[in-house]
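Only the coordinates and a few stated rules stand behind these numbers; no lab work does. These numbers were taken from a predicted model, which means no experiment stands behind them. Note that we place each Cβ from the backbone using ideal geometry, even for glycine, and neighbour counts take in every protein chain shown.
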Amino acid sequence: MECKREPSDGPTPGEVEIASTRKPLIAANWKMYKTPVEACAYAETFLPLVAGHTRDEIAICPPFLALEPLEKSVRGSGIFIGAQDMHSEKEGAFTGEISAPMLKSIGVSHVILGHSERRHYNYESDWDVNRKLHAAIRQQVTPIVCIGEVQEEREEGRTNDVLLRQIKIGLEGIKPDEAATIVIAYEPIWAIGSGQSASPEIADETHAFIRSAVRERLGNSVADGMRILYGGSVKPETTAALLSKDEIDGALVGGASLDPESFAKIVKY
Ligand code: 13P
């Protein structure tokens, strides 16, 4: 698969700048959409729309097959490429799996871990997420750890308990000096693909709770520097209100990131 290739003056994989001021991260999760050819066509439309945009960190997470061609297409633009999952081991007899060093070898800098769809359809546990998080940190791939509750848990007032369990086990064994690149994505499962995002107030309040849980475990400087993204039916029209909240440091966007114009509007909220 050959895509347009630009000279490389963009970020080196793994070398992710984390500003202490929490530079917003807007990440696209394409899920199981787009072939390599479609990914390249997307880049051609998307890049001019966001050219020169430096306020936010932008990452696109396509399916595995499109990672390499998309990385070539966006090289030099400052846009980061992320995977939607990875294995916790470097290599081995794990049929069908992809490791962090393999991702890094093709220029992937970010990885989504513990997305609710993987927890649900692939039975990923909090401990699986924890193993992958340790591997991402070891291999210097920026991890975007997804947490969130289902509708019933929110209605029964169990949201904080669920999030606390996911954070406690997910971050188990991580030391403060290893935590600088960790990004958490709060994705209430009831909001994913529903067309109805959480209100900015609910998201802000939940993010504040997540940050306090991180503070308790990893201290002030990690908690203050950690980016917490919101995900779940983010659309161009809802982005500004969500991102205006103090505790919301970016967005993880599914459906609305599949169209380059729509994702560009979100990036330029
Ligand atoms: P939607 O934006 O389609 O609701 O998906 C959110 C999501 O799961 C991003 O990881």
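Considering only Ser77, Ser109, Ser257, the Gaussian network model of the chain with Cα springs below 10 Å gives its largest mean-square fluctuation to Ser77. Evaluate the distance, in nm, between pseudo-label points positioned 7 Å from the Cα of Ala208 and of Asp177 along their respective Cα→Cβ axes. The two pseudo-label positions are separated by 3.4 nm. Given their separation in residues at 0.36 nm each and the Cα-Cα distance between them, Glu156 and Glu89 gain 20.4 nm when the chain is fully extended.
If you plug the beta carbon distance of Glu216 and Ala51 into 1/(1 + (r/R0)^6) with R0 = 35 Å, you get a FRET efficiency near 0.25.
For the chain, with a Gaussian network of springs between Cα atoms less than 10 Å apart, report the residue from Asp177, Asp128, Asp85 with the top mean-square fluctuation. Comparing Asp177, Asp128, Asp85 in the GNM, the peak value goes to Asp177.
Computed from phi, the 3J(HN,Hα) profile of the stretch 182-199 under the Karplus parametrisation 6.51, -1.76, 1.60 (θ = phi - 60°) reads 5, 10, 10, 10, 8, 10, x, 5, 5, 9, 5, x, 8, x, 10, 7, 4, 5 Hz, with x in place of Gly and Pro.
List the chymotrypsin sites (Phe, Trp or Tyr not before Pro) within the stretch 17-108 that DSSP assigns to loop and that have no more than 13 neighbouring Cβ atoms inside 10 Å. Passing both the DSSP loop test and the Cβ count: Phe94.
Taking amide hydrogens as placed 1.01 Å from N in the peptide plane, the amide H of Gly250 sits under 5 Å from those of Leu25, Tyr230, each at least 5 positions away in sequence or on another chain.
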